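Quick note: the coordinates plus some simple rules give every number you see, no bench work behind them. Keep in mind that what you see is a predicted model, and the values were worked out from it rather than measured. Glycine gets a Cβ as well: all are built from the backbone with ideal geometry, and neighbour counts include every protein chain shown.
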Amino acid sequence: MSDVKIYRYLDSSKKIGLDPEGYLVEQSAWSKSVAELLASDEGLVLTDEHWELIDVVRDFYQRYEMAPAMRPLVKATKNALGEEKGTSIYLMTLFPGSPPKRIARLAGLPKPTNCL
């Protein structure tokens, strides 16, 4: 069990705990359906473009054992999806506010380091 305390539950069965910032308490609880619930909780509908970025961030996490902050996220996106999608403007159109934090949250990963 994680050291993080459960702030609230994402689901009515109280099986998916969230911390105060909306990140999963247990990363192992993540699935695509959980990502859809998290997105819905934020008022976001996930499209194929959103899923591409979630996959990029999950791959990044598997390689480096950390969720990327903005600069590494832009670079990883550019490497994986090309110049057109590898820009901060593209990321912000899909994930307004703080793309690294929102994508990491939806990808079931911890909050990126260096993100306020």
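Each peptide in 54-61, 36-43, 82-89, 100-107 gets a packing score, the mean of other Cβ atoms within 10 Å over its residues, and the list from highest to lowest is 100-107, 54-61, 36-43, 82-89. Kirkwood analysis of the range 26-116, using all unique Cα-Cα pairs, places the hydrodynamic radius at 12.9 Å. For the range 1-59, the equivalent ellipsoid derived from the alpha-carbon gyration tensor has semi-axes of 21, 13, 9 Å in decreasing order. Pairs of Lys residues in the chain are counted when their Cα atoms are under 30 angstrom apart and they lie 8 or more places apart or on different chains; the count is 24.
Note on the chain: helix-only mean residue ellipticity at 222 nm, from DSSP H runs of 4+ residues weighted -39500 (n - 2.57) and normalised by residue number, equals -14000 deg cm²/dmol.
Full extension of the chain between Asp41 and Gln27 yields a length gain of 3.3 nm, computed as 0.36 nm times the residue separation minus the alpha carbon distance.
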